[in-house]
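To keep things clear, I will list the structure first and then write my remarks on it.
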Amino acid sequence: MCIYDGKAGDDAVHPKVLTEARIYNENIPRLSTICLQRIVRYFGHVARRDTSNLERLVVTGKIEGKRPRGRSPKLWSDQIVEELQIPVSDALHQATERDQWRRLVDGIKRSHDPQ
């Protein structure tokens, strides 16, 4: 597809079409935002499980033992604290209220996302 350059031709796109496409794309969140929302949504799902559940132990970062050498991987709990600006214990408590948690997840936007 050729971008409209002022010439009439079969492969030229009318400026109105480009404007409509731009307006449509402004309302689509970025992939990084969608991934982050899914991480936080899954955290809420796991947080509502029993405290002895293996998934919950892994997500909250309470696994004992030694880590391998090298840079530490980013923990799920670190992402939650970084994005929500609240401690993990408060996030675990808030996740028990499903409707409130859904509103919180839907409100997540990255700084580079369209407003």
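The values are calculated or read from the model by the stated rules, or taken from the named source; none is laboratory data. In this text the structure is predicted, and so the values were computed from the model without any measurement. Neighbour counts run over all protein chains shown; Cβ positions are idealised from the backbone, glycine included.
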If you take the residues in the stretch 57-101 that are among the basic types (Lys, Arg) and modelled with pLDDT under 85, which one is farthest from Tyr42 (Cα to Cα)? Arg69
Can you confirm whether Gly9 is of a type outside the set (Ser, Thr, Tyr) and modelled with pLDDT under 85? yes
Subset of the stretch 88-109, residues in contact (Cβ under 8 Å) with a residue 40 or more places away in the chain, part of a loop (DSSP other than H, G, I, E, B) and exposed (fewer than 15 other Cβ atoms within 10 Å of the Cβ), comes to Thr96, Lys109
Across the stretch 102-115, the tally of residues that are in contact with a Ser or Thr (Cβ under 6 Å, 6 or more places away or on another chain) and modelled with pLDDT of 85 or more stands at 0
Restrict the check to the stretch 39-48 and report whether at least one residue is at pLDDT 75 or above and out of contact with any helix residue (DSSP H, G or I) (no Cβ under 7 Å at 6 or more places or on another chain). yes
Within the stretch 56-87, the count of residues that are in a helix (DSSP H, G or I) and out of contact with any Phe, Trp or Tyr (no Cβ under 9 Å at 6 or more places or on another chain) comes to 7
